[in-house]
Amino acid sequence: MPEEMFLTSVVGSFPRPRWLVEAFDRFNKGEISKEELDEYLDDAVKLTVKEEELVNLDVITDGEQRRTSFVSFVAQKIPGFKLVYVTDINPQAMEVMRQHKAQLTYWRAVAVDRIRDSIIALDEFQFTRSVTTKRIKVTLPSPYLIMWETWDQRYSKDVYPRPEDLAEDYVKVLRQEITRLRDAGADFIQLDEPMLGDLVEADPDKPDRYRKVIELIHGQKYRGFKNELTLARDLINETIKGIGGVRIGMHMDRWPNPDSPYYGVGYERLAPEVIDIKVKQYVLEYSSPASGDPAKFAQLLPQDKELGLGVINVRNKEIEDPQQVIKRVELVEKILDPGRIWLNPDCGFSPGMYRKFERRIAFAKLRSMTEAAKILRQKYLGRA
Ligand SMILES: [Zn+2]
């Protein structure tokens, strides 16, 4: 029997308190200083950590309280990126997003100069480490995501003729940050790769709705299904090559689209390339059958890999019963040893700071998840 079973964590973000969002707005208007904003941010992290401890999560995050969004915060951290409002990039952007039913974050981090090594999340981790003794997960935008999100034909082309050139530079920056986080004692480093998850809905020669929207707004061209897959695999593998001593995972979500012929199809569509990515854990969205059957993906996993199973829906307010969570876990229990199954929500509760989600509902959902883990563990211990 494994020492630990059904470990629980979150994907990353936790809803920000109302007063934090207000403080951000006041800071942007010049009404409060950076020092005052930092005090709000520290308080918000302490509150989030406390809530995650109260629900008894095994591995916690800082709820990404300091980030404006899970991806565009790189513009606050890495020289070379700049925040640009989406309609300043393309005046038709809102119409394009509406038409294709694919929302991008409005404030876009765009590469405008050569990007250089700098702290991305080490400062966040060190603060969190100072306020909790729990194990800590740190989330970082993955290179394939950054390539699709931040390259723009008008802003980036002079410094990075091809999006792949930008991705290569970001890989170098990310490797240094991962090494620093490992050396500082981070327990789990998660690369966020929603753009790879979205690829489930792409055709060999026709992009999914998110890539379509980025093509129209930023001018990056779809390379075709297989080429995209191998590029993503190679960039992520290059990022983590030879870095041991820390658990590295990758998160993909689905936001299943009822209009897509791939509604109900899972990440196994991205195999074998996705399985060849050398991460230890896949943190995936599975609370709805629309994301596919987790058993199909679990069957493909080599023995040394773990599945972070999405068992909590972050897009509705209905609080799952622990028994409902257990039913979702049963889908993979026959395939994976309980030490290889982790439980998490499908995605962050609030990947961007303006995404509203009631904190008390997020709290209750997490509590159901940890209750379910407890029941599952007791069942295995009773069997021993
Ligand atoms: Zn996600």
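The single condition among (1) closer than 21 Å to A232 by Cβ; (2) crowded, with 23+ Cβ neighbours inside 10 Å; (3) of a type outside the set (A, V, I, L, M) that E306 does not meet is (2). Considering every residue within the stretch 286-309, establish whether at least one is within 29 Å of V110 (Cα to Cα) and either in a helix (DSSP H, G or I) or within 16 Å of the ligand (Cβ to nearest atom) (or both). No, the conditions are met nowhere in the stretch 286-309. Of the set (1) touching a helix residue (DSSP H, G or I) at 6+ places or on another chain (Cβ under 6 Å); (2) surrounded by fewer than 20 Cβ atoms within 10 Å (Cβ to Cβ), all apply to R367 but (1). For the condition in contact with a Phe, Trp or Tyr (Cβ under 8 Å, 6 or more places away or on another chain), assigned to a loop (DSSP other than H, G, I, E, B) and away from the ligand (no atom under 16 Å from the Cβ), what is the one hit in A186, A167? None of the other options fit; the residue is A186. Among the numbered conditions (1) over 20 Å from the mean Cα position of the chain (by Cα); (2) within 16 Å of the ligand (Cβ to nearest atom), the only one that E193 does not meet is (1). Entry remark, the stretch 99-145: residues being among the β-branched types (V, I, T) and assigned to a strand (DSSP E or B) number 4 in total. Inspection of the stretch 179-191 identifies no residue that is under 25 Å from M97 (Cβ atoms) and among the hydroxyl-bearing types (S, T, Y).
Against the condition crowded, with 22+ Cβ neighbours inside 10 Å, acidic (D, E) and within 20 Å of the chain's Cα centre (by Cα), how does E273 come out, does it pass? Answer is no for this residue. In the stretch 210-233, the residues that are without any contact (Cβ under 8 Å) to a residue 12 or more places away in the chain and more than 21 Å from M94 (Cα to Cα) reach residues that are assigned to a helix (DSSP H, G or I) and of a type in the set (A, V, I, L, M, F, W, C) with C-beta atoms within less than 8 angstrom, at least six apart or across chains, in these pairs: R223/L231.
Being touching a Lys or Arg at 6+ places or on another chain (Cβ under 9 Å), away from the ligand (no atom under 16 Å from the Cβ) and of a type outside the set (S, T, N, Q) narrows it down to one residue among K241, K226; which is it?
Exactly one residue qualifies, and that residue is K241.
Among the residues that make up the stretch 130-149, is at least one of them surrounded by fewer than 15 Cβ atoms within 10 Å (Cβ to Cβ), polar (S, T, N, Q) and more than 19 Å from V283 (Cβ to Cβ)? Among the residues of the stretch 130-149, at least one is surrounded by fewer than 15 Cβ atoms within 10 Å (Cβ to Cβ), polar (S, T, N, Q) and more than 19 Å from V283 (Cβ to Cβ), which makes the answer yes. Checking the structure you have, find out if any residue of the stretch 57-65 is buried (at least 19 other Cβ atoms within 10 Å of the Cβ), among the charged types (D, E, K, R) and closer than 30 Å to N257 by Cβ. For the stretch 57-65, residues buried (at least 19 other Cβ atoms within 10 Å of the Cβ), among the charged types (D, E, K, R) and closer than 30 Å to N257 by Cβ: present. Selection of the stretch 44-88 for residues being touching a helix residue (DSSP H, G or I) at 6+ places or on another chain (Cβ under 8 Å), of a type outside the set (G, A, S) and part of a helix (DSSP H, G or I) yields V45, K46, V49, E51, E52, L54, V74, V86, T87. Pairs linking a residue in the stretch 40-69 that is of a type in the set (D, E, K, R) to a residue that is modelled with pLDDT of 95 or more and assigned to a loop (DSSP other than H, G, I, E, B), with Cβ atoms under 6 Å and 6 or more positions apart or on different chains, are E64/G12; E64/S13; R67/F73.
The values are calculated or read from the model by the stated rules, or taken from the named source; none is laboratory data. Every value quoted in this text rests on a predicted model; they were computed, and no experiment measured them. Cβ coordinates were reconstructed from backbone atoms using ideal geometry, including for glycine residues, and neighbour counts include every protein chain displayed.
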